[in-house]
Amino acid sequence: MARRGSQAPPPPPDFEENIIDVDVSEEMRGSFLEYAYSVIYQRALPDARDGLKPVQRRILYSMNDMGLRPDRGHVKCARVVGEVMGKLHPHGDSAIYDAMVRMAQWWSMRMPLVDGHGNFGSLGGDDMPAAMRYTEARLSRAAMLMVTSIDEDTVDFRPNYDGQETEPEVLPAAFPNLLVNGAAGIAVGMATNMAPHNLGEVIAAARHLIDNPEASLDDLMRFVPGPDLPTGGKIVGLEGIRDAYERGRGTFRTRATAHIESVTPRRKGIVVTELPYAVGPERVKAKIKELVNAKKINGIADLKDLTDRNVGLRLVIEVKNGFHPEAVLEELYRLTPMEETFGINNVALVDGQPRTLGLRELLQVYVDHRIDVVRRRSMFRRTKREDRLHLVDGLLIALLNIDEVIQVIRQSDDAAQAKQRLMQIFELSEIQAQYILDTPLRRLTRYDRLELEKEKEQLAREIAELTAILESESKLRAVVSGELADVAAEFATPRRTVLLESSGQTRSAAVPLEVADDPCLVLLSSTGLLARTNSADPLPVEGPRSPHDVLVSVVPATARGEIGAVTSAGRMIRVDVLDLPTLPPTSNPPSLAGGAPLSEFVVLEPGETVVGLGSLDDVGAGLALGTEQGVVKRVVPDYPANRDDFEVITLKDGDKVVGAVHLESEDTDLVFIASDSQLLHFQASLVRPQGRAAGGMAGIKLSSGARVLWFGAVDPEWDARVVTISGSSSALPGTQTGAIKVADFAEYPAKGRATGGVRSHRFLKGEDTLLMAWAGVTPVRAASSTGKPIEVPEELGRRDGSGEKLSKPIAALGGPLGPLVEAEPVEIEPAGE
């Protein structure tokens, strides 16, 4: 260009000005059509026969030509990209590598065609693949099915972009790749979006269509009920699938696979193991965090991604106590990518034209392609065998006349004359004569003659078989069907995606998001497990035995309320009822095997234990306490609202609380059982309620050296029993023997408060103390130190009897109903062991 201010150079002498006026609209229309044609046919849309776009087809063909088969080593992806770009695909390397990466991703294709080694990205595109100079690849076993018999004239070839190479117009495709792996692409004025399917189902439908060319869509859908996505998940609602299979367009909703489990002892959570197609965990996590921060979804306490290569996808969404996990899950389905809509648009090239195809048309195009491939392959193989048979016939003629052939060759001036004389004398073709001349003399032996005759028979048999296939349409279709069956037998895998007829929308209306503040019972087991029931219905009395069924304390509460855990140090610690796990409603009697340890809810000092539960509400007759030194107290429920733990009794030095029980009524009897076997019970109304700082009043008068072993409450209306276990105070640990006695509670007369009570157990020789005691409603429950149930003897009837020898160690006593409190566990060695 000339500089500003200077004159342009004159045109050459032979220059002729030729200006053509062009209509801008016509030029734009023509150029745009050329561009659209190039995008549609050379980039975006797959061929309906092999299901591949041009770049994918060129990658697979080049890798096969390079020998990158499954039994060979991996090579750098950059080498493959360079080979494809230099010979067949004159576009950017990123387009080639992106297509290659997708064919290696198991979450993108139901049957990956490239076996990748290295970082090929992550589910949903959350992480980008490594650069092609780092990753390596080779063909997968499934890809070998796409290129098998490509060198047997099964498909047409065309020149590449510069005419120096050739490339296949389509691959032989021994399995229906378009339906199995799906496709996605955006062209000009049109797009395609096809869902992956199960190989075994698609092949079964294709074989049915081969055997029944007039099969209807309903017949084919018996084999292909719906897509089978690589990432699994669920498809809810099948109406859109039917539309897509009939008209080529339709939508369906994909849903993540999730279940609810206890992720911590105190909380339940939603565990996601499969996500919708093309949705990654990072996208789900980002959306959940956004909704939580915007307060558009409630009830989520924490979100953890525990995905790894061993367990696979695992998103753990912890649900806050007080919210129904089922309802939270429905909200997640509604508001997050855990439920997505997939729009099917089956657009593919058929005879060079883009068409929208239904399921039957897609299968028909593929079946026609395979029939054409097998026919051309059979013709190629027959021609090859006929050519070989022609040579074998000529060689056999030479062997039968070996002396004359040698004589002819020796008498000829040159090879050309020898060939002509052989053709004339033995009536051979030019090809046969040349082959005889090229055959080494060492092959002209008697053994080789036998081998040639055997080869001739085999060639004749194979030619006859191939001719029968080519001359019979039914045999040709049978071969195609049989080869598809072999592919299915080797490569078919179970379905990953679950198909659901209904959308599941009714559950969200049935389950409220938050747990209602319904009445319930909080239970404490002999092994220190806490749990709650679903309602305040009475606990069942009868039923099969089960682990952890010894209840030592029961208190009424509400689901969103609080209860107090009373400790041996006279403290009450607040516990939120919502934090406690809920027992299943079918537990009969209630089993606390699903409960949570006390240590999850309360922090205790060394030597401090929880002796019972109490209500923090002003219900019933309040909380009753009994201490080891015989003190009894009823606590006025004026508990501070701003403290998590507080004192409920002032203890004397060396004293401790041995029992705490919530009283339903003042008519309930308070019961003391001392180590010297004295039992005292009196009405709770005889104990005046006191403030938290009070030290209580005299409950039972203890003899010298005696201590309170058990304290609790028994309703006089109950069918109650008293259980006592005796032993020796001087016995060494592990050598203890003893006797157990069960007596009717009605046998023990009531006495006044601060008296000594009556004897409950007569000691045998060598016994001087009670080791364990309990009183409560029948049936009596006993458990080992691990919580396993132990049978107790029948009632003896005598309140001051000595009982019978123990047969198994007992660590805890209790009953099916409360309020109950466990004495300090004592393991007793069975007598005679």
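Values in this text are rule-based calculations from the coordinates and carry no lab data. Small disclaimer: the values here were computed from a predicted structure and weren't measured. Please note: Cβ atoms are built from the backbone with ideal geometry, for glycine as well, and neighbour counts cover all protein chains shown.
Annotation note: trypsin sites (Lys or Arg not before Pro) in segment 213-249 located in DSSP loop regions with a Cβ neighbour count of at most 14 within 10 Å are 222. Placing dummy labels 7 Å off each Cα toward the beta-carbon, the span from residue 685 to residue 461 is 10.9 nm. Normalised by residue count, segment 240-300 yields a Cα convex hull volume of 121 Å³ per residue.
Placing one equal scatterer on every Cα of segment 202-248 and applying the Debye formula, the log10 ratio I(q)/I(0) at q = 0.15 Å⁻¹ is -0.44. Net charge near residue 100, counting Lys/Arg +1 and Asp/Glu -1 over other residues with Cβ under 14 Å of its Cβ? Local charge sum for residue 100: +3.
Taken about its Cα centre, the chain carries a charge dipole of roughly 1320 debye when the Cβ of each Lys and Arg holds +1 and the Cβ of each Asp and Glu holds -1. Over segment 519-814, the Kirkwood radius and the radius of gyration, each from Cα atoms, give a ratio Rg/Rh of 0.94.
Computed extension gain for residue 409 through residue 21, at 0.36 nm per residue and net of the alpha carbon distance, reaches 132.1 nm. Ordering 324, 264, 300 by Cα displacement along the dipole of segment 257-337 toward the positive end leaves 300 in first place; charges were set at the Cβ atoms of Lys, Arg (+1) and Asp, Glu (-1). Hydrodynamic estimate: the Kirkwood radius of segment 457-496 over Cα pairs, inserted into Stokes-Einstein at 10 °C and 1.306 mPa s, corresponds to D of 134 µm²/s.
The residue list 399, 431, 467 was ranked by how far each Cα lies along the charge dipole of segment 378-491 toward its positive end, using unit charges on Cβ atoms, and 399 comes out on top. Each of 769, 154 has some number of other Cβ atoms within 10 Å of its Cβ, and from fewest to most they run 769, 154. Using a Debye calculation, one point per C-alpha and no hydration shell, please list log10 I(q)/I(0) for segment 378-491 at q = 0.18, 0.24 Å⁻¹ in order. One equal scatterer on each Cα of segment 378-491 leads to -0.90, -1.27. The phi-based Karplus calculation (6.51 cos²θ - 1.76 cosθ + 1.60; θ = phi - 60°) puts the 3J(HN,Hα) values of segment 104-121 at 9, 8, 5, 7, 9, 10, 5, 10, x, 9, 10, 8, x, 9, x, 8, 10, x Hz, whole numbers, x for Gly and Pro.
Each of 711, 120, 223 was scored by other Cβ atoms within 10 Å of its Cβ. Listed from fewest to most, they are 223, 120, 711. Across segment 265-408, the volume of the C-alpha convex hull divided among the residues equals 262 Å³ per residue. Between amide H atoms placed 1.01 Å from N, distances below 5 Å from residue 810 occur with 828, all of them 5 or more places distant or on a separate chain. Under 18 Å from the 7 Å Cα→Cβ point of residue 71, by amide nitrogen: which residues of segment 146-167? The answer is 146-151. The distance between label points at residue 416 and residue 619 comes to 11.8 nm (points 7 Å beyond Cα on the Cα→Cβ vector). With semi-axes defined as the square roots of five times the eigenvalues of the C-alpha gyration tensor, the equivalent ellipsoid of segment 195-296 measures 37, 15, 11 Å, largest first. Across segment 224-241, computed HN-Hα scalar couplings (Karplus, 6.51 cos²θ - 1.76 cosθ + 1.60, θ = phi - 60°) run 10, x, x, x, 10, 7, x, 8, x, x, 10, 10, 10, x, 10, 5, x, 5 Hz from first to last residue, x flagging Gly and Pro. Over what distance in Å are the Cα centres of segment 311-377 and segment 146-218 separated? Taking the Cα centre of each part, segment 311-377 and segment 146-218 sit 18 Å apart. Here the chain is treated as a Stokes sphere of Kirkwood radius computed over C-alpha pairs; at 4 °C and 1.567 mPa s its diffusion coefficient rounds to 37 µm²/s.
One decimal place: the segment residue 164-residue 475 gains 108.0 nm when fully extended, by the rule 0.36 nm per residue minus the C-alpha distance. Charge dipole of segment 52-172 (Cα centre as origin; +1 on each Lys and Arg Cβ, -1 on each Asp and Glu Cβ, all else neutral): 340 debye, rounded to the nearest 20. Selection among 343, 278, 444 by position relative to the dipole of the chain gives 278 as farthest towards the positive end (Cβ unit charges, Cα centre). As an exercise, use a Förster radius of 25 Å and the Cβ-Cβ distance of residue 795 and residue 759 to find the FRET efficiency, rounded to the nearest 0.05. Efficiency computed from Cβ-Cβ geometry: 0.90. Residue 602 sits among other residues whose Cβ lies under 10 Å from its own Cβ, and their net charge, with Lys and Arg +1 and Asp and Glu -1, is -2. Would you work out if segment 688-783 is rounded, prolate or oblate? Take a ≥ b ≥ c from the square roots of the eigenvalues of the alpha-carbon gyration tensor; rounded if a/c is under 1.5, else prolate when a/b is larger than b/c, oblate otherwise. Judged from the Cα gyration tensor, segment 688-783 comes out oblate (a/c at least 1.5, b/c at or above a/b).
Against the chain, whose longest principal axis is taken from its Cα atoms, helix 473-491 shows a tilt of about 40°. Put in line by how crowded their Cβ is, counting other Cβ atoms within 10 Å and starting with the fewest, 806, 396 read 396, 806.
Kindly give Rg over Rh for segment 257-337, based on alpha-carbon atoms, with the Kirkwood expression for the hydrodynamic radius. Radius of gyration over Kirkwood radius for segment 257-337 works out to 0.93.
Per residue of the chain, the DSSP helices (runs of n ≥ 4 H) give a summed -39500 (n - 2.57) that works out to -9000 deg cm²/dmol at 222 nm.
How are the Cα pair distances of segment 52-172 distributed, in percent, across 5 Å bins from 0? Percent of Cα pairs in each bin: 2, 12, 23, 25, 21, 11, 5, 2, 0.
Model label points for residue 534 and residue 604, set 7 angstrom from Cα along the Cα-to-Cβ axis, are 3.2 nm apart. Using 0.36 nm per residue and subtracting the Cα-Cα separation, the extra length available between residue 211 and residue 802 on full extension is 204.0 nm.
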